[in-house]
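Only one structure is covered here, and it is reproduced in the block below.
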Amino acid sequence: MIIIQIVGLALLSAILILVIKQDKQELAFLLSIDSGLVILISIIKQVEEVIELLIQLARQARVDMIYFNTIIKIIGIAYIGEFGAEITRDSGENALASKIELAAKIIIMVIAIPIMLSLIETILRLIPA
């Protein structure tokens, strides 16, 4: 199972980071980033499989692919923003991490505007005049 490999890598990396951090903080931080990227890359295949399944379901349900693609982008932005913020937090830059999270939220809001407008238009059509 891939989760065992991920947890094993994370534990090994954490131990190495603790040992290295005493002498070379910069190297420990780079190891942390590298470990995070390896974990991220290792789960990409599972994410692709989930997205392919969701695409099939959306097509069967005749969901407008513009909305579906927007939702997938929003999910991606949320995960990437969280990943970047956590790496930045690991380096001790909490204020910068908060700014990454804020930027991700604003980008999500901007991307979601067409969906919100469509929802509002649908609600207005359902309300009797």
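Rounding to the nearest 10 and keeping the result within 0 to 90°, find how far the Cα-based axis of helix 25-60 lies from the longest principal axis of the chain.
For 25-60 against the chain, the angle is about 30 degrees.
Measure nothing but the geometry: give the 0 to 90° angle between the long axis through the Cα atoms of 94-126 and the longest principal axis through the Cα atoms of the chain, rounded to 10°.
Helix 94-126 and the main axis of the chain meet at about 10 degrees.
Hey, can you find the accessible area per residue of region 26-129 for me, probe 1.4 Å, expressed in square angstrom?
Result: 75 Å² per residue.
Highest mean first, how do 104-116, 51-63 rank when packing is the count of other Cβ atoms within 10 Å averaged over residues? Please report the intermediate quantities before stating the final value.
Values: 104-116: 13.2, 51-63: 11.5.
Per-residue Cβ counts within 10 Å, averaged per peptide and sorted highest first, yield 104-116, 51-63.
Jot down the per residue volume, in cubic angstrom and as a whole number, of the convex hull over the alpha-carbon atoms of the chain.
Once divided by residue count, the hull of the chain is 125 Å³.
Over region 1-86, what is the mean sequence separation of C-alpha contacts under 8 Å (at least six apart), divided by residue count, expressed as relative contact order in percent?
Details: 23 pairs, mean separation 14.2, N = 86.
Computed over region 1-86, the figure is 16 percent.
How many percent of the accessible area of the chain is carbon or sulfur, using a 1.4 Å probe?
Of the solvent-accessible surface of the chain, carbon and sulfur hold 71 percent.
The values are calculated or read from the model by the stated rules, or taken from the named source; none is laboratory data. Note that this is a predicted model, so its numbers are computed, not measured. Cβ atoms come from the backbone with ideal geometry, glycine included; neighbour counts cover every protein chain shown. Quick note on the areas: whole protein, heavy atoms, side chains included, nothing else; ligands and nucleic acids left out. Shrake-Rupley method; radii C 1.70, N 1.55, O 1.52, S 1.80 Å.
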